[in-house]
Structures are given as C-alpha cells and as structure tokens.
Amino acid sequence: MILEVRDVSRSFGGLKAVAKVSFALAEGSITALIGPNGAGKTTLFALISGFLRPDAGMILFDGRNITGEEPHRISALGVARTFQIVQPFARLTVRENIAIGAHLRISGRQEALARAAEIAERVGLGGRLDQPAGTLTVAARKRLELARALATGPRLLLLDEVMGGLNPREVEEIVPIIRGIRDGGVTILLIEHVMQAVMTLAQHSFVLNDGLLIAEGPPAAVIADPRVVEAYLGTGAAQRFGRETARA
Amino acid sequence: MPMRSGTAILAVLAILLPLPFVVQSDFWMNLAILSLYYGFLGQAWNLLGGYGGQFSFGHAAFFGTGAYATAVMQVRLGLNPWLGFVLAATLAGAVGALIGGLSFRYRLRGSYFALVTLAFAEVFRILANTFEITGAGTGLLVPLKQTPANFQFAQKSGFYLVIWALTACGFAVAWWIEHSRFGARLVAVRENEDAARALGVDALRVKLAAITLSAALTGLAGAFYVQYFLYIDPTIAYGPSVSVTALLVPIVGGLGNALGPLLGAVALQLLDQVARAAMGDAPGLNLVLYGVVLVAMLMFLPNGLFGIARSSALRLFRVTA
C-alpha cells in the first residue's frame, strides 16, 4: 500500500469536515474520490499533502508516517497535489511555472527549464511554453496544474478536479494523459465530478459524504449504491429512483 | 530574455565605469555617486520586495545597523573601516535573519509584515538614541583622515569606484536570482506561496535567505553612507526616510528586475535636482513638487520606468522589423 489513511479526522469549529476516514491505495492504481460538494474531499487532500494537520489519525506514505509534516517535505517524499481552484504563478510563463516543480529534483536552471518543456509537451501545453500563465484558458490552466505536479517527479499524484469546467472534448483529451501518467508508475487519487472520466479511469472508488466514508468499490457499483444516490439526491431518493426504473 | 538581461547589465556597468575620468565637476560627481548609492540601496530592497514580494517598510533597521557597525568600530575601537564593511554586512544580515525569522515563522504577509519591519526600525532608532556607544542623540562623527587605506578619499572618484563596485555586486546578485533555482523559488513564493509549497518549495527558508541577503546588502549601503558623509545619528540611520527611499527607488524604476532600481535612483535624483532648481527660493516647496511627480508616476506607470522602457523598445523593434 503506497498510501494509508487511518482514522483521520479534522474539524473546523463545530463542523466535522473529515471524520474517522480510513482507506488505502495500492501502488500503480487509479482511484477516484467522489461525493457531493462539501463532503470533505478537498479537506482530505489538504490533510494528505500537509496543508492541514489532522486532529486525530495517521497518514502513512510508503509505510512512513507523514502526519503533520510540512507540505514541501511531503512533496519531496513524492506526493504531489493539484488545486481545485487553480493556483498558477500568473506572471510567469508556462515553462517557468512547470520548472518550479522540476526544480524539486533538478538544481540546474537550464535542465529544469528543459524538463519543463518535456512535461508541457506531455500534457499538451507544448505550444504555449512562453505564454504567461495568467493568460491561459481554464482548460489550459488545469493542464498546467497537472504539469507542475507531474514535474516534481511524484510517486503519488492527488488530482483535485482537473476535469472540472472542461467540455467533453477536453475531458476526452485529458483522460489518456492521466492514464499515461499511471502507466509511467505513478499512483493516482482523483477527486472528480465528471463521472464519464471516473468510469473510464478508476478501477476503485471511495465515496465521502458529510466527512464520512460511506461506500467504496468499483465506480459502476458504487454509483448504484442506494446510500450514494441518497447522498447526492437526498433521503428517499434511492427508493423513488428504484421504483421509477422498475416501472419503466 | 535571460541572456539579454546579462548583456544589458554588463553594458550599463561598462558605460558607468569611466565616468569619473570624463566628468570633472564635483557637483555632477556627487550626483552620480548618490544615484549609484540609492540604486544600490534600492537593489538591496528589490531582492526581497521586488523578486520576493515581501514589502519591507523598515529597511532602515538593516541600513542603520550597517552604518553604526562601521562607525562604532572606527570611533570606539579604532578598527579599519574596510573591516567595518564586512562587519556591517554580517551584522545587518543577522538582524535581517532575526526579523525575518520572527515575522515569516508567524506567517506575516503584506501590510502586517510591512508594519512589523517598520516597528523594528523604530525600536532600533530609540535604542540608538539611548545608548552611549552609538553616541546617543548627538550621533557619531567619524574623524577625517583621507587615505584609501582608511576608506576615505580626497577625490570623489575614489568613492565613485567603490559604489560602482557595490552596484556591480548588486547586479550580480540580481542576475543570479534571475538565473538560479533559488531565484525561481523566490519568485514562485511571491506569485503564489501555497502553490510553491505544494511543489516542494520551503517557503520559510527561501524568504529567510532573501531577507538575510537583502539586509546584508543594505548594511553595506549604510557603511558606505558613513564613509561618504562621515557622520551618522539615530534619525539618519534608523529613521523612516531610508526605509521609504529603499522601496521608492525600485518601485519607481520597476520591481523585480535587475536594472529597475538604478533607473529609479537616477530618475529620483534628477527629479530632486529639478525640483530644487525650480523652487529654489521657497524651502520645502521642492518636496511638494517631488511628491506630486512621484504620485503621478506611481499612478500612471504601474510597472515603473523600466516598464515604459521595455514597451517602447518592443514598439521600436516592431516598427523596424
């Protein structure tokens, strides 16, 4: 197991954002983390990547306890994350943005910039290397997030809605890129609302609702789970939904 | 355009070097020395404020420490002022590390960081005003002894060459920032600290290194000031005037690029001279004119003078191409 999350909890004031969540990821897998808005998915990412400290519980990366470590230390160990709300270095070019990630393992400036160009090519930003990141479209910014995280040379990649706000064609373009990253040996955990992508990419999925892990399994099975349907659509929805499909 | 910035720096330095052999008038030499001196002070601030985005309002804390380090050493201990130079940089750097350590560890940013640095400078000013070793309120007068070994020059050209060398040193640091991993990380922290941390950047360490470096260079400016004017008192050393000048110069010239501070310093020196000449008979009015032009510059030139220089150069290229 490359990542193990054990009974991790985090509250904000009286709100339990993440409550006793436990799960583990097998190396080389693509796993989806799904759930309605406000379920605690992004909080969980922040806990794993060190931006937030858990109130309780333990997080192990490759068997090593990383609970409460600083983000840059966790990143150096091989965990990279993207941000749901993209955080480009707006006045730097695409190449320079990605080079910051590459600098984690490469000290030379020219080498890092060269590596950045390679990564940009890989995520389809090859033609925009010298464009300031602040002028990119939403879709391109999402790719930039992915490219920067990838440039750090991670073993585990946490992708927070890299397909949010993309049109179906753009989603179709990014799916094989993500699969390619996994084929390169990187384990991927992704938060995603675009179910089309979740279905095609992930072998396994976890469902979070109100900070609790309520279901897990292959995505197709999980979205048919009555508890999951109710989490999205409200109490009783699964039953009504079931009746209607039975009648049809 | 990394290659071009290096070339531009070398060209500027090459043009500046022979100046004392061309200019004979003491008035113009003084103006040139002060321009380079303010440019160097601004460059020191620019490293932290321009490249790193951490706006200090209290660089006087570093300037004054460098100035007093060299003055106290000469007057009280009779040590050589060249040694004072080294000590000035070291002590000012240490003060920078201290202030940076305290404010960055507690994640102070923006106006909070600015206020804390301002407060530190004020504390130092009051301390310097109190203790006898700094000459308290009357200040310290460095004895006149004009030999190069004593870091005092009978000819202005001697001071000019020293400040030219410091300018070159400031350029070298700026160039390094623009071409190194450290510099890339510093700029990343300025642009978006959280994103930088997610990419493995130790933001605290980067900011600490930047403020230490910036403070050490500012301390050198303080030491140069003492040698040039042979006098220092708490208001000159730690008063807000130095802090404001240090940030005004790069803001007017253009933040976060190597040539901005020098450009800003020359422009402010010329503006100051013009204001004095225009308002010569009414003391104080020159400051009003100075202020008005400054406000206009900040309003209409968000990227400083370097910004217009660059955009007009681009326009020129486009026309000729």
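Bear in mind these aren't lab numbers, they're just calculated from the coordinates by the rules spelled out. This is a predicted model, so every value here is computed, not measured. Because the Cβ atoms are built from the backbone with ideal geometry, glycine has one as well, and the counts that use them run over all protein chains shown.
The table for this structure:
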quantity	calculated
Per-residue average of Cβ from other chains inside 10 Å of A:59-72	2
Neighbour-count order for A:I191, B:I211, fewest beta carbons within 10 angstrom listed first	A:I191, B:I211
Distance from the range A:197-217 to the range B:273-296 (C-alpha centre basis), Å	68 Å
Average beta carbon contacts from partner chains per residue of B:181-190, 10 Å cutoff	5
Residue order, fewest to most beta carbons within 10 Å, for A:H72, A:H204, B:H59	A:H204, A:H72, B:H59
Chain B, relative contact order [Cα under 8 Å, separation at least 6], %	31 percent
The protein assembly as shown - share of DSSP beta bridges that are antiparallel (%, nearest 5)	60 percent
Rh (Kirkwood; distinct C-alpha pairs) - the range B:255-320, Å	13.3 Å
Square roots of 5 times each gyration tensor eigenvalue, C-alpha, chain B, largest first, Å	29, 26, 20
Averaged over A:87-99, number of beta-carbon atoms from partner chains that fall within 10 Å	4
Sequence of B:I232, B:I99, A:I106 once ranked by neighbouring C-beta atoms within 10 Å, starting from the fewest	A:I106, B:I99, B:I232
Aspartates and glutamates whose Cα lies under 19 Å from that of B:K156, excluding same-chain neighbours fewer than 8 positions away	B:D26
Relative frequency of Cα-Cα separations exceeding 34 Å in the protein assembly as shown, percent	50 percent
Set of aspartates and glutamates near A:K16 by C-alpha distance (under 19 Å), chain-local residues within fewer than 8 positions excluded	A:D7, A:D55, A:D210
Highest to lowest packing among A:15-26, B:196-207, scored as the average C-beta count within 10 Å	B:196-207, A:15-26
Cα pair count fraction exceeding 28 Å, expressed as % - chain A	34 percent
